Amino acid sequence: MVIETNLHMGEGIVRGDQFSFRRIVRGVPAGITISAAALTLKSAIADADPGLFQKSITSSNVAGTGQIEDTGASGIGKLRFDLTDDDTLLMTADTQYYFDIQITLSSGDIITLERGQTSATSQVGTS
C-alpha cells in the first residue's frame, strides 16, 4: 500500500525550522515488527540516495534523526522523524522536492509507505 501525500500535510516547511513529525503504520502482520525506516528527500526522483537528505531510524532514539517509537508488535507501529534546521536549510524556497518513507520489516521485506512532493518557503526576514 502506498499513500501519496504532501510531506508537511499542507502546513508548509519553512527553511531553517526544526520539527518532528510522526506516521502511524497500520496492518503490521502478526509476528512481524518494523526494524528500520527511512525518509528520503530528493531534488529529482532519479537522484542517487541519500538525495538532499535521508533520515534512517530504528527503535533507538538518535538526536536529529528520529526513532521507531512502536515497532508494531500489536499490529500498529509509530514512526518519528526529526528534521533539523540544517536539513530544512538545504531546501531551496519554492522548489519541488520528491520524498518517500520506506520501512524494513523483521521479515526483510521493504515497503514504501508514502511518497509524494513537498516544498519549502523562506523565513520572514527580521531587521
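We did not get these values from a lab; they are worked out from the coordinates using the rules stated. Given the structure is predicted, the values throughout are model-derived calculations rather than measurements. Every residue, glycine among them, receives a Cβ derived from its backbone with ideal geometry; neighbour counts consider all protein chains shown.
Structure values in brief
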item: Cβ-defined net charge surrounding residue 32, 14 Å radius [Lys, Arg +1; Asp, Glu -1]; result: -1
item: Calculated Cα Rg over 2.2 N^0.38 Å (choose from (i) 0.98; (ii) 1.08; (iii) 1.20), label; result: (ii)
item: Under 13 Å, Cβ to Cβ, from residue 85 - net charge with Lys/Arg +1 and Asp/Glu -1; result: -3
item: Proximal charge balance of residue 62 [Cβ under 13 Å; K/R count +1, D/E count -1]; result: 0
item: Per-residue ³J(HN,Hα) for the range 43-55, Karplus 6.51 cos²θ - 1.76 cosθ + 1.60, θ = phi - 60°, Hz, x for Gly and Pro; result: 6, 9, 4, 6, 4, 5, 5, x, x, 5, 6, 9, 10
item: Debye, to nearest 20: dipole size of the chain, +1 on Lys, Arg Cβ, -1 on Asp, Glu Cβ; result: 280
